[in-house]
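The structure appears right after this line, and notes come after that.
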Amino acid sequence: MRATLIHGPRDIRVEDVPDPEVSLPTDALVRVTAACVCGSDLWPYRGIADVDEPRRIGHEFVGVVEEVGSDVRTLRPGDFVVAPFLLSDNTCVHCRNGMHTSCEHGAWWGGTDEAGLPVDAGQGEAVRVPIADGTLVAAGRDVPDDPMLASLLTLSDVMGTGHHAALSAGVGPGTSVVVVGDGAVGLCGVLAARRLGAERIIAMSRHEDRAALARDFGATDVVAERGPDGVARVEELLGGIGADAVLECVGTKESMDQAISAARPGGRVGYVGVPAGGAELPISTLFGRNVTVGGGVAPVRAYLEELLADTLSGAIDPGRVFDLVLPLEQAPEAYAAMDERRSIKAMLRP
Ligand SMILES: [Zn+2]
């Protein structure tokens, strides 16, 4: 089959790889309907994260179950499934605590499972899914139409991650929210904040198309300024103080500094940007202003059923973050388009 590999900075190739098969009784074989490129895939692409040797890449996909192992109970061939960006058993103590990202038996797409077998990555034609009962969530028996397909694909990562940022920042009914980052996660953070009942949602964006989508998703205001000017504008909009809740959806030092300074005294920052730019916490500042910083890698599996229900009902339509759809063979162009910010989020169709 064909799958995407990263060989080094700006070197993405689609190559022939061995066909996956059910190897363990707890495996499922999934034929990929759609996959996508994540903002965090851009860190190795840009050379910010090391690539020691060519490796499979991609951790967001949806598809159809083709075959299941003898111990798989919750899935059957023909199910349309959403795969969260990490594998988890959904039964261990961490999973029961809602921290599926710390699963005792978990693994990464493109990594190695507990049996020591390689795990396929998501940007390919098919995937062997270990601990399939815990990892995959069925979303019906039919491949959905394109808009619904796109929305379900966001449940792999960006919508659940935006939701985690909002929860970590304490967003609730009536709160004021600032979202730092206008990538797919930031935009989904806006949608998540609206869904959780935020009253004011300020999206920080300098790109007209992204700001327009943020408004559609529920942003009441858009602030184009950054740094101290951005904070001043936020305070002006919120009656002289910062926000109750700030979502940090980038992962750089600048974005974390922006987020912390946009929170009001006693406010909370929820961060989900994969740390890649030397961000550190200024403990004295946080102490003096009683600003709480929480968050981390989003346990999207924990939120999947809840967000799936609202997606299937049409209450949220996060799939609108996809503005580029390419065949799998054009994966290099998908990466380039996102790297150059010509695309918010690129979908790959095998
Ligand atoms: Zn677990």
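Brief remarks follow.
- The residues of the chain have, on average, 40 Å² of accessible surface per residue, using a 1.4 Å probe with all protein chains present.
- Karplus-derived 3J(HN,Hα), 6.51/-1.76/1.60, for each residue of region 198-212, Hz, glycine and proline x: 4, 8, 10, 10, 9, 8, 8, 8, 10, 10, 4, 5, 5, 5, 5
- For region 3-81 versus region 323-338, the gap between their alpha-carbon centres in whole angstrom: 16
- Whole-Hz couplings from phi, Karplus 6.51/-1.76/1.60, listed for region 23-40; x for Gly and Pro: 10, 10, x, 9, 7, 10, 9, 10, 7, 6, 8, 7, 10, 8, 9, 9, x, 6
- Neighbourhood net charge (14 Å Cβ-Cβ; Lys/Arg +1, Asp/Glu -1) for ASP19: -4
- Share antiparallel - DSSP beta bridges, the chain, percent rounded to 5: 55
- Take 91-102, 301-312, 247-258, 116-127 and order them by the average number of nearby Cβ atoms within 10 Å per residue, most first; the result is 247-258, 116-127, 301-312, 91-102.
- Distant-in-sequence amide H partners of HIS207 (H built 1.01 Å from N, under 5 Å): none
- Residues with amide H under 5 Å from that of THR26, placed H, sequence gap 5 or more: ASP71
- Look at the alpha carbon pairs under 8 Å that are at least 6 residues apart: their mean separation over the length of region 67-157 gives a relative contact order of 34 percent.
- Hull shadow area, averaged, the chain [alpha-carbon convex hull, nm²]: 16.2
- Taking only the C-alpha atoms of region 247-350, the Rg (one decimal) and the largest Cα-Cα distance, Dmax (whole number), read 17.6, 53 Å.
- Protein accessible area in the chain, 1.4 Å probe - carbon and sulfur %: 50
- Nearest-20 debye value, the chain charge dipole, Cβ charges on Lys, Arg, Asp, Glu: 920
- Length gained when the stretch THR91-GLU340 is fully extended (0.36 nm per residue, less Cα-Cα span): 85.6 nm
- Accessible-area order (highest first, 1.4 angstrom probe) of the listed residues TRP108, TRP43: TRP108, TRP43
- Computed extension length for GLU329-ILE48: 98.7 nm, one decimal, from 0.36 nm per residue of separation with the Cα-Cα distance subtracted.
- Within the shell of other residues whose beta carbon sits under 13 angstrom from the beta carbon of SER261, the net charge comes to -1, with Lys and Arg scored +1 and Asp and Glu -1.
- A simple rule links phi to the HN-Hα coupling: the Karplus curve 6.51 cos²θ - 1.76 cosθ + 1.60 with θ = phi - 60°, which for region 327-332 gives x, 3, 4, 9, 3, x Hz, with x for Gly and Pro.
- Among residues other than ALA34 with Cβ under 10 Å from its Cβ, the summed charge is -1 (Lys and Arg +1, Asp and Glu -1).
- The relative contact order of the chain, computed from alpha carbon pairs under 8 Å that lie at least 6 residues apart in sequence, is 18 percent.
- Overall dimensions of region 1-134 as given by Cα atoms, namely Rg and Dmax in Å: 14.6, 42
- Region 63-216: relative contact order as a whole-number percent, Cα under 8 Å and 6+ apart: 18
- Counting 0.36 nm for each residue step from ASP19 to ASP229 and taking away their Cα separation leaves a gain of 70.2 nm.
The values are calculated or read from the model by the stated rules, or taken from the named source; none is laboratory data. Please read all numbers here as calculations on a predicted model, not as lab measurements. Don't worry about glycine lacking a Cβ; one is built from the backbone with ideal geometry, like all the others, and counts go over all protein chains shown. Accessible surface areas use protein heavy atoms only, side chains included; no ligands, DNA or RNA. Shrake-Rupley method; radii C 1.70, N 1.55, O 1.52, S 1.80 Å.
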